[in-house]
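J.: One structure is given below, represented as structure tokens, and several questions about it will come after.
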Amino acid sequence: MAGLGLRPSNGVVLAAILVLAALFRLHDVQQPLVDAFSWREASTAMMADNFFQRSWNIFFPEVSWTGPGPAYQGRELQVISYITALLYAVFGWDEVLGRLVAIAFGVWGVYALHRLIERIWGTAHSHAGAFLLAIMPGSVMIDRSFLPDPAMLSLVITGAWLYVAYLQNDRLPLLVAAGLITTIGVLAKLPGIAVVVPMTYATFLILHRRGKLSLRRILQILPVALIAGALILGYYRWAHYVGTNYPPYHIAGSGYLWSDGLAKFFSEAFYIPATWKIASNWLFTLPVVMLAGIALLTAPPTANDPTPVRAPWFFHVWLAGAALVYFFAAREIKTNPWNFHIFNVPMAALAGRGLILLIGIGGEQAGGIRSRALRLAAIAAVVIIGGSIPGLTLMKTPYADSGYKLGTRLSELSQPGDLVITATPTIGDPVAIYYSRRRGWVFPPGGGNNDWSMLIKDEDAIRALEALRAQKATWFGITKNARDMRRRKLIEYNTGLIAHLDGTAERVVDDDTMLIYRLAPRVDAASN
């Protein structure tokens with residue numbers, strides 16, 4: 001541990017925190033992609049499949065829910081899906097590998113945050129902040145999900161840690177490593193750009209305090225920053241090009257200030273009521289919010305520390321940087337709440353600060369070590385029992401389970417090369433296509449400006465079905481609880497579509513969970 005800058009006792013504490021982080025994230029690791037994030041997880045998993053089965057070109061991420069393809073999309077750099085595809089090549093296909101890759105990044109993120117806080121606020125706060133990140137329900141939930149966000153967060157935390165270390169000890173290799181890792185983190189998911197704000201703050205404060213804020217030092221940092229900026233801008237311009245020039249003409253993400261307009265954001269109060277519901281129910285939960293609130297009402301622990309290498313307001317500034325990203329992308333972040341992951345770093349650090357303050361009430365003479373240990377245990381129990389467990393239980397609920405069952409049944413009935421159409425519990429969720437191990441379409445079919453989360457009228461639905469049948473769609477599967485964002489159930493809203501299917505297709509499965517139609521009889525090549 002000495003080689004990592006840790007005394008043995010501190011190393012034991014950190015090891016215990018990392019084990020705790022792994023245990024929280026590994027719980028239910030074999031759950032299919034049916035939890036609250038199933039929609040996005042299924043798309044990420046499809047991209048891993050297509051790297052493995054069709055093309056290893058990382059610059060052309062492809063989904064399987066817009067027909068036979070190719071179906072390239074404008075997406076972030078596929079760090080987790082690409083690593084998962086490489087593991088498929090070694091171990092064979094299993095979506096659990098995607099969760100395990102995400103968990104590995106998540107646990108590393110806990111370690112990196114510990115090292116970052118130690119450099120800024122000291123050892124006690126590094127233990128507390130890492131502990132909170134290890135158990136916060138939003139952090140755990142996102143880190144166990146087949147999503148790009150765990151890679152983003154762990155990489156930008158690592159980049160920030162190495163960059164602060166560079167500012168403190170002038171080692172140029174740390175600057176290069178920090179620039180490279182931070183760049184990959186932002187490429188892995190764009191909300192990671194928020195880390196630039198606290199890194200900029202640390203640059204000027206630490207160098208000024210050390211008496212090394214000079215043009216020469218800035219010119220040493222500037223080329224790394226410019227190269228990182230050029231790579232990030234260049235990649236996302238390429239993602240925009242792919243999303244606007246290749247079917248299905250889809251760029252991931254919507255609901256930005258420049259597209260919706262400031263008036264729209266103001267009319268929705270910047271979606272703060274919905275954001276508060278997310279934050280209090282499962283992302284942070286009230287115990288963590290209260291701990292962070294205590295920290296925000298006090299000065300940071302090293303605010304008056306004469307040591308020149310500290311940047312005491314670093315995590316406050318990180319929170320401001322994340323809020324700035326939210327300002328420009330409020331609807332997108334609210335709609336796809338895994339994007340809140342960038343907030344988990346400052347919230348964990350600040351909540352850890354609040355934890356230290358509560359434990360230390362009364363000073364060194366207030367009851368001694370035993371009293372402080374009891375307070376720590378009580379607060380940790382409140383956070384876990386009152387926040388983490390109910391938050392994770394809510395988010396792990398198998399909302400898309402019938403979509404998973406539909407997909408596995410289609411996999412049994414269909415043959416390789418068959419094209420499937422699916423309507424799942426949440427209209428537009430491609431989870432059934434993913435588990436069918438086929439390609440096909442969500443229904444109603446999305447792409448371009450079409451909203452694939454809403455049902456359409458019977459005449460339009462029948463027209464869309466026949467267009468897909470003309471493209472050789474073979475199977476149509478519907479879960480009986482399939483609903484759109486207006487809570488309209490397909491089998492009740494689209495009775496005309498169901499009647500049309502009964503008249504033009506073979507009803508193969510009709511049980512409590514699903515309907516499956518064979519749209520056309522399979523013709524063997526020998527009989528042609």
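J.: Are any of the residues in the range 163-184 more than 29 Å from L213 (Cβ to Cβ) and acidic (D, E)? Before you say what the answer is, go through the steps one by one.
T.: Residues of the range 163-184 more than 29 Å from L213 (Cβ to Cβ): none.
No, the conditions are met nowhere in the range 163-184.
So that you can scan it fast, the table gives a plain yes or no per residue for (1) open to solvent by 40 Å² or more (accessible area, probe 1.4 Å); (2) without any contact (Cβ under 8 Å) to a residue 12 or more places away in the chain; (3) in a helix (DSSP H, G or I):
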residue	(1), (2), (3)
E41	no, no, yes
N50	no, no, yes
I80	no, no, yes
L87	yes, no, yes
D94	yes, yes, no
I103	no, no, yes
G109	no, no, yes
A124	yes, no, yes
A128	no, no, yes
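J.: Mind checking which pairs have a first residue in the range 375-388 that is of a type in the set (A, V, I, L, M) and a second that is at pLDDT 95 or above and assigned to a helix (DSSP H, G or I), Cβ under 7 Å, 6 or more apart or different chains?
T.: Sorted first by the residue in the range 375-388, then by its partner, the pairs are I379/L355; V382/P287; V383/I135; V383/P287; V383/V288; I384/I135.
J.: Among the numbered criteria (1) surrounded by 14 or more Cβ atoms within 10 Å (Cβ to Cβ); (2) more than 22 Å from the chain's Cα centre (by Cα); (3) of a type in the set (K, R), which one does K189 miss?
T.: (2)
J.: Please count how many residues of the range 142-158 are in a loop (DSSP other than H, G, I, E, B) and within 15 Å of A194 (Cβ to Cβ).
T.: Restricting attention to the range 142-158, the residues satisfying the condition of being in a loop (DSSP other than H, G, I, E, B) are 144-148.
Narrowing further to those that are within 15 Å of A194 (Cβ to Cβ): none.
Here the count works out to 0.
J.: Checking the structure you have, find out if any residue of the range 430-444 is under 16 Å from L501 (Cβ atoms), of a type in the set (A, V, I, L, M), at pLDDT 95 or above and in contact with a Phe, Trp or Tyr (Cβ under 7 Å, 6 or more places away or on another chain). Spell out how you get there, then give the answer.
T.: Let us first name the residues in the range 430-444 that are under 16 Å from L501 (Cβ atoms), namely 440-441, 443-444.
Restricting the remaining residues to those that are of a type in the set (A, V, I, L, M) gives none.
No, the range 430-444 has no match at all.
J.: Residue under question is R237, and the condition is that it be open to solvent by 40 Å² or more (accessible area, probe 1.4 Å), in a helix (DSSP H, G or I) and modelled with pLDDT of 95 or more; does it hold?
T.: Working: open to solvent by 40 Å² or more (accessible area, probe 1.4 Å): yes; in a helix (DSSP H, G or I): yes; modelled with pLDDT of 95 or more: yes.
Spelling it out, R237 is indeed open to solvent by 40 Å² or more (accessible area, probe 1.4 Å), in a helix (DSSP H, G or I) and modelled with pLDDT of 95 or more.
J.: Residues that are more than 33 Å from the chain's Cα centre (by Cα) and under 26 Å from Q73 (Cβ atoms): find the helices (runs of 4 or more DSSP H) completely inside the range 413-508 holding 1 or more of those.
T.: Values: elements: 431-436, 458-470, 490-493, 495-504.
Filter on the range 413-508 gives 458-470.
J.: Also: Using the structure shown, decide if I117 is touching a His at 6+ places or on another chain (Cβ under 6 Å) and modelled with pLDDT of 95 or more. Walk me through how you get there before you give the answer.
T.: On the way: touching a His at 6+ places or on another chain (Cβ under 6 Å): yes; modelled with pLDDT of 95 or more: yes.
So I117 fits the description; yes.
J.: Would you point out the residue of the range 391-435, among those that are in contact with a strand residue (DSSP E or B) (Cβ under 9 Å, 6 or more places away or on another chain) and β-branched (V, I, T), that is farthest from G69 (Cα to Cα)?
T.: T426
J.: Give me the pairs, please: first residue somewhere in the range 442-453 and open to solvent by 20 Å² or more (accessible area, probe 1.4 Å), second residue anywhere and modelled with pLDDT under 90 and among the small types (G, A, S), beta-carbon distance under 6 Å, and either six or more positions apart or on two chains.
T.: Note: pairs meeting the criteria are W452/G446.
J.: Which one of L222, L215 is modelled with pLDDT of 95 or more and either on the phi > 0 side of the Ramachandran plot or surrounded by fewer than 18 Cβ atoms within 10 Å (Cβ to Cβ) (or both)? Reasoning before the result, please.
T.: Details: L215 fails: modelled with pLDDT of 95 or more.
Only one candidate qualifies: L222.
J.: While we're looking at this one, here's another question. If A526 satisfies every condition in (1) of a type outside the set (F, W, Y); (2) open to solvent by 40 Å² or more (accessible area, probe 1.4 Å); (3) assigned to a helix (DSSP H, G or I); (4) at pLDDT 95 or above but one, which is the exception?
T.: With respect to (1) of a type outside the set (F, W, Y); (2) open to solvent by 40 Å² or more (accessible area, probe 1.4 Å); (3) assigned to a helix (DSSP H, G or I); (4) at pLDDT 95 or above, A526 is out only on (4).
J.: Pairs needed: first member in the range 306-319, in contact (Cβ under 8 Å) with a residue 60 or more places away in the chain and under 15 Å from S126 (Cβ atoms); second member anywhere, among the aliphatic types (A, V, I, L, M) and part of a loop (DSSP other than H, G, I, E, B); C-beta distance under 9 Å; at least 6 residues apart or different chains.
T.: Going by the 9 Å Cβ cut-off, the qualifying pairs are R310/A303; P312/A299; P312/A303.
J.: So, in the range 58-75, exactly how many residues are surrounded by 23 or more Cβ atoms within 10 Å (Cβ to Cβ) and farther than 20 Å from T422 by Cβ?
T.: Count: 3.
J.: State whether one or more residues within the range 258-271 are surrounded by fewer than 17 Cβ atoms within 10 Å (Cβ to Cβ), touching a Lys or Arg at 6+ places or on another chain (Cβ under 8 Å) and part of a loop (DSSP other than H, G, I, E, B).
T.: yes
J.: When you scan the range 354-372, do you find a residue that is within 30 Å of A269 (Cβ to Cβ), at pLDDT 95 or above and part of a helix (DSSP H, G or I), even just one? Give the derivation first.
T.: As a first pass, look at the range 354-372 and keep what is within 30 Å of A269 (Cβ to Cβ): 354.
Keeping just the survivors that are at pLDDT 95 or above gives 354.
With the extra rule that they be part of a helix (DSSP H, G or I), the set shrinks to 354.
Scanning the range 354-372, I find at least one residue that is within 30 Å of A269 (Cβ to Cβ), at pLDDT 95 or above and part of a helix (DSSP H, G or I), so the answer is yes.
J.: When both residues are 6+ apart or on different chains and their Cβ atoms are under 7 Å apart, which pairs have a first residue that lies in the range 63-74 and is assigned to a loop (DSSP other than H, G, I, E, B), and a second that is of a type in the set (F, W, Y) and open to solvent by 10 Å² or more (accessible area, probe 1.4 Å)?
T.: Correct list of pairs: W65/W441.
J.: Right, here's the next one. Condition first: within 9 Å of V34 (Cα to Cα) and among the hydrophobic types (A, V, I, L, M, F, W, C). Now tell me which residues in the range 388-419 satisfy that.
T.: To start, the set of residues in the range 388-419 that are within 9 Å of V34 (Cα to Cα) comprises 396-404.
A400, the sole residue that qualifies.
J.: Given the conditions (1) surrounded by 14 or more Cβ atoms within 10 Å (Cβ to Cβ); (2) within 19 Å of the chain's Cα centre (by Cα); (3) part of a helix (DSSP H, G or I), which single one is not true for G243?
T.: Every condition holds for G243 apart from (2).
J.: Something else about it: Would the range 399-408 turn up any residue that is open to solvent by less than 20 Å² (accessible area, probe 1.4 Å), modelled with pLDDT of 95 or more, in a loop (DSSP other than H, G, I, E, B) and not β-branched (V, I, T)?
T.: In the first step, residues of the range 399-408 are kept if they are open to solvent by less than 20 Å² (accessible area, probe 1.4 Å); the result is 400, 402-403, 406-407.
Filter again for modelled with pLDDT of 95 or more, leaving 400, 402-403, 406-407.
If we keep only those that are in a loop (DSSP other than H, G, I, E, B) as well, we get 400.
Going one step further and asking which of them are not β-branched (V, I, T), we end up with 400.
Within the range 399-408 (the criterion being open to solvent by less than 20 Å² (accessible area, probe 1.4 Å), modelled with pLDDT of 95 or more, in a loop (DSSP other than H, G, I, E, B) and not β-branched (V, I, T)), the answer is yes, since at least one residue qualifies.
J.: Between residues in the range 403-432 that are farther than 18 Å from L468 by Cβ and residues that are in a helix (DSSP H, G or I) and aromatic (F, W, Y), which pairs lie under 8 Å by C-beta distance while being six or more apart or on different chains?
T.: G403/Y435; Y404/Y435; T408/Y435; S411/Y435; T426/W39; V431/W39; V431/Y404
J.: Ok, one more. For residues that are of a type in the set (A, V, I, L, M, F, W, C) and part of a loop (DSSP other than H, G, I, E, B), scanning just the range 9-39, find the one that is surrounded by the most Cβ atoms within 10 Å (Cβ to Cβ). Steps first, answer last, please.
T.: Looking only at the range 9-39, we keep the residues that are of a type in the set (A, V, I, L, M, F, W, C), and these are 12-24, 26, 29, 33-34, 36-37, 39.
Pick out the ones that are also part of a loop (DSSP other than H, G, I, E, B) and you get 29, 33-34, 36-37.
Details: V29: 12, L33: 28, V34: 25, A36: 19, F37: 24.
Residue satisfying both the conditions and the ranking: L33.
The values are calculated or read from the model by the stated rules, or taken from the named source; none is laboratory data. Just so it is clear, the structure is predicted and the values come from calculations on it, not from any experiment. Cβ: placed from backbone, ideal geometry, glycine included. Neighbour counts: every protein chain shown. In case anyone asks, the SASA skips ligands and DNA or RNA and just uses the protein heavy atoms, side chains included. Shrake-Rupley method; radii C 1.70, N 1.55, O 1.52, S 1.80 Å.
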